Amino acid sequence: MISALKRAYAEFRGFDVDGRAILPMEGPLKPNTALDDAAVALALPDVDSLVAISGGLVCSTGAELLTLELRADPARRTPGLAIAARQTLSGPISAIASDGSNALAIGIDGEGITILGGRHDGRTIREAGGTALNCPTAVLFAGADVLIVANGSNMVKAADWKRDLMGRGRSGSVWKIDLASGEATVISRDLAYPSGLAASGNDILVSEAWRHRVVAFGGGRTDAEVRLEDLPAYPGRIVPAAGGFWLSLFAPRNALVEFVLTEDAYRREMMETIDPAYWIAPALMSGRSFLEPIQGGARKKLNMLKPWSPSWSYGLVALCDERMRPRASWHSRADGQVHGVTSLAERDGVLFVGAKGAGAIVALEPPRMTERLA
Amino acid sequence: MTAFIELRRATKEFRGIPAFKDVDLTLEQGEIHAIVGENGAGKSTLTKILAGVYPLTAGEMLVDGKPVKLASPAEALASGIAMVFQETNLVPSMTVAQNIYLGDEKFFNRLRSLYIQAQRFLLSLNFYVDPMALVSSLGAGKKQMVEIARAVHHHARLIIFDEPTATLTPEEKFHFFNLARRLKEQGMTIVFISHALEEALMLSDRITVLRDGEVVVTDKTENFDRERIIQAMVGRTLSGELYNKAGGRVPRPYGEKILSIENISMGNTVRNTSFSVYAGQVTGLFGLVGSGRTETMKIVAGVLKRDFFHGGSIRLNRQPVRYATPRPAVLDGIVYVTEDRKVEGFFETMSIAGNVQVGKLAKGYNPLAVVSMAEARDLAKEWSARLGVRAIDANARIIELSGGNQQKVVIAKALVQAPKLVILDEPTRGVDVGTIVEIHNFINQLADSGIAVVMISSYLPEILALSDRILIYRQGRVVEEMVPAEATEARIMYAAVH
């Protein structure tokens with residue numbers, strides 16, 4: 001009763017009780033055009049789940065698992081990429097993790113986790129603790145026989161992430177699965193779309209996309225420790241970097257979306273009657289169809305989309321320190337092309353950025369990174 | 001044709017430091033002349049010379065071709081020169097009519113005839129102001145009209161306005177512009193100082209740009225555009241030695257996020273602005289007068305209150321905070337060092353020790369309600385040494401100190417509270433050159449020690465020399481962020497004006 005009254009008063013005064021305020025991209029997240037300036041290593045439509053393995057990289061496009069090899073290009077400072085092998089799996093791939101040797105844990109959207117290579121080759125895990133792993137968004141090897149799995153939602157598949165966001169999904173969970181015994185332990189439930197995992201000492205870092213934050217579990221704590229919050233975009237995959245972590249943010253937050261999230265009847269009707277591609281919702285890429293609602297916030301001048309205009313899609317990679325404090329960032333702005341960054345992989349000192357929205361992998365030059373870190 | 005007023009090689013020095021030097025300026029009868037320049041360029045001093053507030057150190061002033069020496073504003077008024085200051089000189093407890101005729105009263109005064117006379121006079125100027133209204137009840141625009149009426153009543157041929165539109169609403173600005181044009185048609189000369197370049201371009205016939213106390217250019221307004229004025233205003237040669245860190249400086253890394261301001265609003269002054277402040281950095285806030293920088297930080301410090309409805313939120317170390325008064329902000333580690341030290345910064349009748357001790361008392365609870373003066377003196381001595389306050393001893397009255405030393409005491413009074421976030425509003429305003437360097441060094445030391453410093457300044461070289469991040473305000477919100485590597489005076493000014 002008291003909390004309801006408090007909430008009513010807060011809404012009356014206009015307090016931001018749900019964290020809907022969107023902080024500007026400023027400080028270490030100050031916009032630039034570094035992602036657009038970077039060289040395209042490989043154009044690959046629908047590229048996702050880029051992971052570094054010994055000898056190269058792997059990634060996915062739909063149900064295909066691709067092995068990529070680095071090719072030096074004398075015309076450029078960064079290497080290019082070429083497809084070395086292809087393998088088609090049983091369903092669309094939504095996450096990949098490498099154990100550092102020859103085993104890959106692959107999340108199949110709507111099915112579960114499949115292990116390729118290593119001691120548990122061919123094994124498929126469809127559920128954990130009675131929960132179907134129908135939305136594997138991130139996988140992490142925490143030892144040869146231990147797998148950490150982020151199940152983004154109990155309700156939808158990973159490809160349908162937009163429905164989970166607009167449905168105010170809070171059904172995600174993170175699991176620890178012992179591959180030897182098959183035992184599954186829940187690390188956390190009721191998460192708002194866990195979409196990235198990384199190990200930080202004894203802790204597991206989890207990107208909780210719809211709460212726009214990164215939290216840490218483990219280390220004897222019962223509750224999550226918030227490491228990074230108030231992000232102006234939805235955080236996705238986390239990749240270890242020298243002295244910190246790379247963080248991909250796959251779509252920008254938008255005041256209109258935050259408003260629509262408070263309008264239940266409107267949102268329900270929109271979700272029932274309109275194609276998800278044209279919802280008032282973030283996207284991995286936008287501006288390709290005139291049917292999209294208010295493109296770029298209508299900030300077109302002389303047929304040029306202004307870089308600061310609100311947009312449904314954006315490209316953003318952040319470099320955080322070991323405490324997940326942002327230190328530098330690489331952007332593709334509203335008028336850029338490298339939008340919808342869903343995966344990152346560092347190889348030979350070059351950061352490869354998998355932009356699913358743009359359908360391309362771009363390579364960031366090492367000097368640029370060190371400059372930003374300085 | 002003889003110019004109405006002419007300054008020839010005019011120089012004004014304060015304690016040997018020139019406010020401007022070798023200035024040549026002519027004002028024609030019936031023109032509107034804008035004087036623009038950065039803060040500290042010498043605009044106000046120049047106009048005060050014209051108005052007889054200060055005498056010239058060297059050079060000469062001619063009115064109608066005849067050399068004059070104006071010893072007081074009254075003498076200037078007798079020569080037909082009146083000045084309307086930023087803060088009006090009206091008596092708030094008197095009526096409009098009484099203010100207009102103040103100093104010009106007859107031996108026997110009949111209020112009724114005074115009001116009728118004033119009404120006629122105001123209407124002749126197209127000023128719709130009630131002559132019987134108390135001045136304290138008038139808005140800024142109407143007060144300015146009364147000031148102008150007073151000047152016209154004293155047969156002024158030249159009216160000087162210092163930042164006339166800074167406190168005006170858009171509607172009042174419109175009325176002011178019309179008024180200035182009407183006065184010009186009547187043959188009056190108008191000189192106005194403004195930071196709003198579009199106003200200078202819109203209203204004036206000629207523009208003079210001052211920089212570092214020298215006239216850079218005087219030309220007809222049609223020969224100017226915004227870019228040319230900005231270029232003339234900020235091109236700098238003299239302050240290289242003082243502000244020698246500008247350009248190529250490596251900014252300090254981002255520390256913890258200490259303060260998050262989210263969608264803060266306060267009337268028309270602060271409009272839905274958001275930004276963050278990080279520990280171990282100097283965050284510079286630049287903007288023109290009235291852009292909302294000071295008000296935003298005063299909301300943070302609990303001096304002002306944000307809008308009651310949808311006023312936004314402030315988080316200090318991730319915790320939402322809302323201060324109705326400054327004291328809880330001080331207890332949470334926020335200190336605000338005011339831009340107006342004489343009014344808000346110190347108790348002028350108290351000693352240095354007393355002022356510093358007051359700062360400390362604001363931070364802590366003193367159950368015995370006993371203040372040890374010996375302790376206060378030790379504290380003052382310690383801070384005087386740290387900040388280099390030059391005074392006979394800690395018992396010296398603060399009013400007897402120079403502006404720079406007063407400012408140091410005001411800073412000491414704030415820092416004695418062991419803050420996490422220090423907001424310095426125009427920290428070197430009215431401070432001599434030597435002290436500016438000392439204060440700058442101290443600001444750098446604060447940031448190096450891990451304290452979050454917010455520095456509000458209207459002086460671009462100061463912003464460039466000290467800031468690790470520069471946030472630029474325009475019309476109540478942050479419109480641009482720059483890092484030192486990309487910031488230039490022209491770019492910052494462009495963002496603040498456009």
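Rounded, prolate or oblate: which one fits the range A:219-356, using the alpha carbon gyration tensor with axes a ≥ b ≥ c (rounded when a/c is under 1.5, else prolate when a/b beats b/c, else oblate)?
The shape class here is oblate.
So for chain B: antiparallel DSSP bridges make up what percent, rounded to the nearest 5? Can you show the working numbers first?
On the way: 41 of 77 bridges.
Among the beta bridges of chain B, antiparallel pairing accounts for roughly 55 percent.
Of B:I100, B:I443, B:I258, which is farthest on the positive side of the dipole of chain B, counting Cα position, with +1 on Lys and Arg Cβ, -1 on Asp and Glu Cβ, and the Cα centre as origin?
In chain B, that residue is B:I258.
Using only alpha carbons, build the gyration tensor for the range B:255-401 and give me the equivalent ellipsoid semi-axes, biggest first, whole Å.
32, 17, 15
Within chain B, what is the longest stretch that has no trypsin sites (Lys or Arg not before Pro) placed in a DSSP loop and near at most 10 other beta-carbon atoms within 10 Å? Can you show the working numbers first?
Details: sites that count: B:R15, B:K69, B:K106, B:R110.
After excluding every exposed loop site, the longest remaining stretch is B:111-498.
Can you compute the modelled spin-label distance between B:F108 and A:L89, with each label point 7 Å from Cα toward Cβ, in nm?
10.7
What is the calculated FRET efficiency for B:V53 to B:E256, with r their C-beta to C-beta distance and R₀ = 41 Å, to the nearest 0.05?
E(calc), rounded to 0.05, equals 0.25.
Hey, how much of the P(r) for the range A:24-373 falls beyond 36 Å, as a percent of Cα pairs? Before the final figure, lay out each step's value.
Working: 8971 of 61075 pairs.
Tail of the P(r) past 36 Å holds 15 percent of the pairs.
Where does each of A:F352, B:F177, B:F224 land when they are ranked from fewest to most other beta-carbon atoms within 10 angstrom? Before the final figure, lay out the partial values.
Values: A:F352 28, B:F177 17, B:F224 21.
Fewest-to-most ranking of A:F352, B:F177, B:F224: B:F177, B:F224, A:F352.
What is the set of long-range amide H partners of B:E480 at a cut-off below 5 Å, with H atoms built 1.01 Å from backbone N?
Under 5 Å from the amide H of B:E480 lie the amide H atoms of B:I472, each far enough along the sequence or on another chain.
Please list the non-local residues whose amide H lies under 5 Å from the amide H of B:V216, H modeled 1.01 Å from N, same-chain partners needing a gap of 5 or more.
Answer set, sorted by chain and number: B:V209, B:L210, B:R211.
Once the other residues with Cβ under 12 Å from the Cβ of B:F308 are scored (Lys, Arg +1; Asp, Glu -1), what is the net sum?
Result for the neighbourhood of B:F308: +3.
Can you compute the modelled spin-label distance between B:N317 and A:E26, with each label point 7 Å from Cα toward Cβ, in nm?
Those two pseudo-labels are separated by 2.2 nm.
Where the only charges are on Cβ atoms (+1 Lys, Arg; -1 Asp, Glu), what is the dipole of the range B:265-380 about its Cα centre, to the nearest 20 debye?
With Lys and Arg at +1 and Asp and Glu at -1, about 360 debye.
For an R0 of 25 angstrom, estimate the FRET efficiency from the Cβ-Cβ distance between A:S289 and A:D264 and round to the nearest 0.05. Could the numbers behind the result be given before it?
Working: r = 27 Å, r/R0 = 1.07.
E between A:S289 and A:D264, to the nearest 0.05, is 0.40.
For the range B:335-420, state which GluC sites (Glu not before Pro) are in a DSSP loop and have at most 15 other beta carbons lying within 10 Å of their beta carbon.
B:E348
I need to check one value: relative contact order of chain B, counting alpha carbon pairs closer than 8 Å and at least 6 residues apart, in percent.
Once normalised by length, the contact order is 15 percent.
What's the FRET efficiency of B:Q475 with A:V226 using the Cβ-Cβ distance as r and R₀ = 45 Å, to the nearest 0.05?
0.85
Between B:I392 and A:N102, what is the spin-label point distance in nm, taking each point 7 Å from the Cα along the Cα→C-beta axis?
Inter-label distance under the simple model: 9.1 nm.
Let me have the relative contact order for the range B:5-238, percent, based on Cα pairs under 8 Å that are six or more residues apart. Display every interim value, and only then the final one.
Values: 430 pairs, mean separation 66.9, N = 234.
Result for the range B:5-238 is 29 percent.
Putting +1 on Lys and Arg Cβ atoms and -1 on Asp and Glu Cβ atoms, find which of A:P79, B:T325, B:F20 reaches farthest to the positive end of the dipole of the protein assembly as shown.
Checking the options against the dipole of the protein assembly as shown, the answer is B:T325.
Give me a comma-separated list of calculated 3J(HN,Hα) values for the range A:244-249, in order, Karplus coefficients 6.51, -1.76, 1.60 applied at θ = phi - 60°, integers in Hz, x for any Gly or Pro.
Calculated HN-Hα couplings, in order: x, 9, 8, 10, 9, 10 Hz.
Report, in deg cm²/dmol and to the nearest 500, the calculated mean residue ellipticity at 222 nm for the protein assembly as shown, where each DSSP H run with n ≥ 4 adds -39500 (n - 2.57) and the sum is divided by the residue count.
-7000 deg cm²/dmol
Summing Lys, Arg as +1 and Asp, Glu as -1, what charge do residues with Cβ under 14 Å from the Cβ of A:V226 carry, A:V226 excluded? Don't jump to the answer; show the numbers that get you there.
Details: positive: A:R211, A:R213, A:R221, A:R227, A:R323, A:R325, B:K257, B:R315, B:R318; negative: A:D203, A:E208, A:D223, A:E225, A:E229, A:D230, B:E256.
Taking every Cβ under 14 Å from that of A:V226, the sum is +2.
Tell me the relative contact order for chain A as a rounded percent, counting alpha carbon contacts under 8 Å between residues six or more apart.
16
Just for the range B:5-238, what percent of DSSP beta bridges are antiparallel, to the closest 5?
About 55 percent, rounded to the nearest 5.
Count neighbours as other Cβ atoms within 10 Å of each site's Cβ, and list the chymotrypsin sites (Phe, Trp or Tyr not before Pro) in the range B:257-366 that are DSSP loop with at most 12 such neighbours.
Listed in order of number, the matching sites are B:F308, B:F309, B:Y365.
Rounded if a/c is under 1.5, else prolate if a/b is larger than b/c, else oblate: which is the range B:258-314, with a ≥ b ≥ c the root eigenvalues of its Cα gyration tensor? Walk me through the numbers on the way to the answer.
Details: a/c = 1.91, a/b = 1.29, b/c = 1.48.
It is oblate, given that a/c is not under 1.5 and a/b is not larger than b/c.
Pull out a ≥ b ≥ c, the square roots of the eigenvalues of the alpha-carbon gyration tensor of the range A:1-98, then state rounded if a/c is under 1.5, prolate if not and a/b is larger than b/c, and oblate in the remaining case.
oblate
From the backbone phi of the range A:160-167, what are the Karplus-calculated ³J(HN,Hα) couplings (6.51 cos²θ - 1.76 cosθ + 1.60, θ = phi - 60°) in whole Hz, Gly and Pro given as x?
3J(HN,Hα) across the range A:160-167, in whole Hz: 9, 4, 5, 5, 5, 5, 6, x.
Among A:E229, B:E256, what is the fewest-to-most ranking by other Cβ atoms within 10 Å?
Ranking A:E229, B:E256 by Cβ neighbours within 10 Å, fewest first, gives B:E256, A:E229.
For B:L56, B:L466, A:L29, what ranking results if the residue with the fewest other Cβ atoms within 10 Å of its Cβ goes first? Let's see the in-between values first.
Numbers: B:L56 18, B:L466 28, A:L29 21.
Lowest to highest Cβ neighbour count: B:L56, A:L29, B:L466.
Where a number appears in this text, it was derived from the coordinates with a stated rule and is not lab data. Keep in mind it's a predicted model, so treat the numbers as computed, not measured. Note: ideal-geometry Cβ built from the backbone for every residue, glycine included; neighbour counts use all protein chains shown.
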